[in-house]
Amino acid sequence: MTYSETPQLQPIVPAYHLRILDDEQLERFKSATLTILEEVGIHCPSKKALNIYAEHGAQVDFESQIVKLPPDVVMEAMSHAPRYYTMGARSPAHDLNLDGTAMYCATDGCGTETIDFETRQRRASVKDDTAKMARVTDYLSSLAFYWPIVSAQDYPATAPLHELDASFNNTVKHVQSETLMGEKMGRYAVEMAQVVAGDEATLRQRPPLSSLICTIAPLAQDVGGIESALVFAEAGLPVGFMSMANTGSTAPATIAGTIAVADAEIVAAMALIQMAYPTAPVYHSLMPGMMHPRTGAYLGSAWEGGVFNTVGVELAHTWGVPTLIGIFGPDAEVPGWQSATEAGNILLLCALCGAETGSGMGLLESCTLLYPEVTLLDTDIYHRVRLYAAGLDVSPGDFALDVIKAVGPRGNYLTQKHTRDHLRQRQFSDLVAQPKAGGGYRDPIEVAREKVDWILEHHHPEPLEEAKQAELKRILEAAEREFS
Amino acid sequence: MAHSETPQLQPLVPNYHLRVLDDKQLEQFKSATLEILEDVGIHCPSEKALSIFAEHGAQVDFGNQIVKLPPGVVMEAMSHAPRYYTMGARSPAHDLNLDGTATYCATDGSGTETIDFVTRQRRTSKKEDVGTSARLADYLPSMAFYWPMVSAQDCGATTPLHELDASFNNTVKHVQSETLMGEKTARYAVEMARVIAGDEVTMRQRPPLSSLICTIAPLAHDKGGTESALVFAEAGLPVGFMSMATAGSTAPATIAGTIAVADAEMVAAMVLIQMAHPGAPTYHSMMPGIMHPRTGDFLGGAWDAGWFYLVGTELAHMWGVPTLAGIGTEAPTPGWESAVGMAASLLMCALCGAETASGLGLRETCTLLYPEALLLDNESYETARFYASRMDVSPEDFALDVVKAVGPRGHYLTQKHTSKQMRKWELSELMNQPNPEGGYRDPLEVAREKTDWILEHHHPEPLQEAQQAELTRILQAAERDLG
């Protein structure tokens, strides 16, 4: 059976770098986090986790379920966390080697509504949406890994596992889920990952699946999240923690205070993982928002909030782990001016700060609504940023001085063979400046819509081997029986 | 008479910086420019300029009007150009001290059509639009100086001077024109600047007007532009040069080749100015594009084109002058594409140390004025400004006492600290504005309303009556002379 080749990844490879915070500022942040962890503590509703904390030097109140972590306990635990590791794909060609030289980006997730691919009506999301967008992701070189972009709500009890099934069957790229809650769910997911990896060694060295667990702001863990994370860590699959503390509601109404609360939540979780499974691959994901002063909503793209992303990158590195940073993910309700304005600078800054991974392409309305074409629109911005960050290669031939001499003042380059040869090497957007019959250019958003249709019609990634497909189905059925 | 206070400027003040080219690459670019100037030369159609070039060591062919500049001559001339200077406003509070610590932005210009402020019909631009837009720019702290945004096409031969009149009368900020072509027009413009400055000393120390002259790619100067530039330099008003060389049509189809052609054009012009008036304030403005491979259009926003503006900034500094960096969009309307055009480029140029930048507020590749576009682009500016700025991290900012008081799983909404701090937040005035029916309003609509509000309420301090009268007199004299 023929299938489509999955294009090579095109990560952002910055030629130059930025430091946003100086050492003194970083120290202050670290110190604030350690103070919070020591004096305020974290609420942890998992008995299993409380025991692990207690066994490793934390001060645990089993009644109130509050864990306080002295600084040296934190530092000791974090000293085991690996700074660099691999997030695997079906084949090494699409592996993500998180080594600090490149930034790899993913789709956003996990939305709950879709603008239907055909009818354009707004409706609840279903598994097939996740599958379709996995194929779109597989096609786009801008996307290095796949977050199941929307919830498989047509499988209520086992949606997270169906999301994995839809993902693994429709992209060869690494999959990262943010919906695997609970120990049992975690175990089924690990089984599915084992099927895709094929063997234990591959699973550990090139894990095809990773997990993202959210904390609960302020300063709390989620029992399902924590226990799922422990399962992943035990299996050697990367697990990261994200805080979405909200300035003014679930965090103090200052930027630094919000970062401190969020960072404390994340660090407490990563420390737990290191206590239970030293050297387990983990990552740090700081994604706070600001509370809308009138509606109370989470604003992911407020002006002052931009610093959350860049500081998040630097804090992750201060703690000695990779980051997953928030990119794109506008609060905008439709593709348009607002969605692009909110995206612009953050990806570039985070890449230049050395972010290893980022997620956020493809959804609107603060990560809840799937417009199929938005992934394409975001990809356009991604490539602009990628080119900015890449640096300019300047070889002597690039100056074309011989051509300049030949054309001279007031000449024209259009007739030069050099022009025909080199214009083809220039990189153009495939959405913007597309000529329209009759003159002018087409609306890029319309072009994006057509391109999504084209991809879905023509791009069919290499399927999993039939035996693996069958095994995944079997796992789903077992989970269905257990959870229903 | 009551007037509105012009808000304080809010330039971009980057807390961190970037180098996009290393020293070796900069040398390569310098070397390419010098080679072009020495071996290929520039076409210069001004007899006056040709003579100046010849008197200062250039190799001039008066027959073909080609000027070739040996490297030594270029370097000597450029050694006189001031690295830093002031672009003045009506009062020092709004002066732009180009000292490398901040990036000051301007509106785009000079468009030829306007979406009417009231009827929303598309029509030819006129003088009134210039004044209206100037008031908008005066209101916005992001706009540090004003380019007349559109052409005063209802004013005939003295259009550029009417643009100045409309500008000076409607903003207290520095004005930079890109339409002052020809020696005579320039002389009238200098007279107008003198009226604003009040006296010769102020005019030279805090010039209220500067000029931008475009070169003609490839490798040519414009007679009217060159001679106007010389007038400005003589008067001590800053004059800069912009190349819009286009890869594939008026420049080679490589990024480096296009930059080299553009740079050579600009450097030759700045050299001329320094030869004629050593120490004259000048600036470098690289704004090339890439030719659309099908339509031939100038694409300033093509993926590959982003490099032009960053390298341009660094080349300007290498030559020892400030830059005017380009930002802007080809998008036909305010929308996704226009925002993408603004994204990242302004921030990057600021991080590279651009002293000035222009390009906010027009659509369709700098030709069409949408009244609300300035407010929308202002949004991109503000995000860039925030991202570039230093994050204050004082102990109080961590609010650890509040964190302790609220504890795990508490809530901050009821904290006095929260209600106090929230008032200090700087939030977008366009995005996330609640809709009475639920959800949020379309930011483009909000921008339109805000534009109307500004125009209704913001009336900057007018010029003194004597100054207004003097400007009118100059316009009339120019009308008689040029009309």
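Counting only C-alpha contacts under 8 Å and six or more residues apart, can you give the relative contact order of segment B:111-170 as a whole percent? Present the calculation step by step, with values, prior to reporting the outcome.
On the way: 89 pairs, mean separation 22.3, N = 60.
Taking the mean separation of contacting Cα pairs over the length of segment B:111-170, I get 37 percent.
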What 222 nm value per residue comes from the helices of the protein assembly as shown, counting each DSSP H run with n ≥ 4 as -39,500 (n - 2.57) and dividing by all residues, nearest 500 deg cm²/dmol? -13000 deg cm²/dmol
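Percent relative contact order of segment B:28-78, based on C-alpha pairs within less than 8 angstrom and at least six residues apart?
39 percent
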Average beta carbon contacts from partner chains per residue of B:413-419, 10 Å cutoff: 4
DSSP-defined antiparallel bridges as percent of all bridges, segment B:272-424, nearest 5: 50 percent
Take B:GLU461 and B:GLU429, extend 7 Å from each Cα along the Cα→Cβ direction, and tell me the distance between the two endpoints in nm. 2.1 nm
Against the longest alpha carbon principal axis of chain A, how many degrees, from 0 to 90 and to the nearest 10, is the axis of helix A:223-235 turned? 70 degrees
List, in order, the whole-Hz ³J(HN,Hα) value for each residue of segment B:239-246 obtained from phi through the Karplus relation with A = 6.51, B = -1.76, C = 1.60 and θ = phi - 60°; use x for Gly and Pro. 9, x, 10, 10, 10, 10, 3, 10
Shielding score for B:375-387, defined as the mean number of other chain Cβ atoms within 10 Å: 4
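Quick one: plug the Kirkwood hydrodynamic radius of segment B:85-388 (C-alpha pairs) into Stokes-Einstein at 20 °C, 1.002 mPa s, and report D in µm²/s. Spell out each step's value before the answer.
Numbers: Rh = 18.8 Å.
Value of D from the Cα-based Kirkwood radius: 114 µm²/s.
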Listed by chain and number, the lysines with an alpha carbon less than 26 angstrom from that of A:LYS127, same-chain partners under 8 positions apart left out, are A:LYS173, A:LYS184, A:LYS451, A:LYS468, A:LYS473
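At R0 = 35 Å, how high is the FRET efficiency between B:ASP452 and A:SER141 if r is their beta carbon distance? Nearest 0.05 is fine.
Approximately 0.20, to the nearest 0.05.
For B:TYR188, B:TYR412, B:TYR139, which order do you get if you count the other beta carbons within 10 Å of each Cβ and list the fewest first? Could you put the intermediate results ahead of the total?
Numbers: B:TYR188 23, B:TYR412 29, B:TYR139 26.
With the fewest neighbours first, B:TYR188, B:TYR412, B:TYR139 line up as B:TYR188, B:TYR139, B:TYR412.
By its C-alpha gyration tensor, with a ≥ b ≥ c as the square roots of the eigenvalues, how is segment B:32-137 shaped: rounded for a/c under 1.5, else prolate for a/b larger than b/c, else oblate? The partial results should precede the final answer.
Working: a/c = 3.22, a/b = 1.73, b/c = 1.86.
Oblate.
Using DSSP to define loop residues, name the GluC sites (Glu not before Pro) in segment A:77-177 whose beta-carbon has at most 15 other beta-carbon atoms within 10 Å.
On the way: sites: A:GLU113, A:GLU118, A:GLU163; in loops: A:GLU118.
Here the sparse-neighbourhood loop sites are A:GLU118.
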Pairs of lysine residues in chain B - Cα separation under 30 Å, sequence separation of 8 or more or cross-chain: 28
May I ask for the distance between the Cα centers of segment A:91-106 and segment A:294-355, given as a whole number of Å? 20 Å
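Please find the FRET efficiency linking A:ASP61 to A:ASP430, where r is the Cβ-Cβ separation and R0 is fixed at 60 Å, and quote it to the nearest 0.05.
Efficiency at R0 = 60 Å is approximately 0.55.
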Whole-angstrom Cα spans of segment B:205-313 along principal axes, big to small: 46, 24, 20
Stretch A:LYS47-A:ARG410 to full length: gain in nm at 0.36 nm per residue minus the Cα-Cα span? 122.8 nm
Give me the angle, in degrees from 0 to 90, between the Cα long axis of helix B:223-235 and the longest principal axis of the Cα atoms of chain B, rounded to the nearest 10. 70 degrees
Write down Rg/Rh for the protein assembly as shown, rounded to two decimals, with Rg from the C-alpha atoms and Rh from the Kirkwood relation over Cα pairs. 1.01
Determine the relative contact order of chain A: mean sequence separation of Cα pairs under 8 Å and six or more apart, normalised by residue count, in whole percent. 20 percent
Which whole-Hz ³J(HN,Hα) couplings does segment B:214-219 yield from phi under the Karplus relation 6.51 cos²θ - 1.76 cosθ + 1.60, θ = phi - 60°, glycine and proline marked x? 8, 8, 10, 7, x, 6
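Shape of chain A from its Cα gyration tensor (a ≥ b ≥ c, root eigenvalues): rounded if a/c is under 1.5, otherwise prolate when a/b > b/c, or oblate?
Working: a/c = 1.78, a/b = 1.40, b/c = 1.27.
Judged from the Cα gyration tensor, chain A comes out prolate (a/c at least 1.5, a/b above b/c).
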All Cα pairs of segment B:118-210, percent lying beyond 22 Å: 27 percent
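What full-extension length gain, to one decimal in nm, is calculated for A:ALA93 and A:ASP154 as 0.36 nm per residue of separation minus the Cα-Cα distance? It would help to have the intermediate numbers written out before the result.
Numbers: separation 61, 0.36 × 61 = 21.96 nm, distance 3.35 nm.
Full extension of this stretch gives 18.6 nm more.
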DSSP-defined beta bridges in the protein assembly as shown - what % are antiparallel, rounded to 5: 35 percent
How large is log10 I(q)/I(0) at q = 0.21, 0.33 Å⁻¹ when the Debye formula is applied to the Cα atoms of segment B:28-78, each weighted equally and without solvent? -0.67, -1.28
Once both axes come from the Cα atoms, what is the angle between helix B:255-276 and the longest principal axis of chain B, in degrees from 0 to 90, rounded to 10? 70 degrees
Over what distance in Å are the Cα centres of segment B:295-344 and segment B:1-58 separated? 16 Å
Among B:216-223, A:237-244, A:356-363, B:421-428, the order from most to least packed when residues are scored by Cβ within 10 Å on average: A:356-363, A:237-244, B:216-223, B:421-428
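Could you list A:LYS405, B:LYS126, A:LYS48 in order of exposure, starting from the residue whose Cβ has the fewest other Cβ atoms within 10 Å?
Details: A:LYS405 12, B:LYS126 19, A:LYS48 15.
Fewest-to-most ranking of A:LYS405, B:LYS126, A:LYS48: A:LYS405, A:LYS48, B:LYS126.
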For the pair B:GLU183/A:GLN121, report the inter-label distance in nm, with labels modelled 7 Å from Cα in the Cβ direction. 7.5 nm
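All of the numbers you see were taken from the coordinates with simple rules; none came from a lab. Just so it is clear, the model here is predicted, and its values are computed rather than measured. Because the Cβ atoms are built from the backbone with ideal geometry, glycine has one as well, and the counts that use them run over all protein chains shown.
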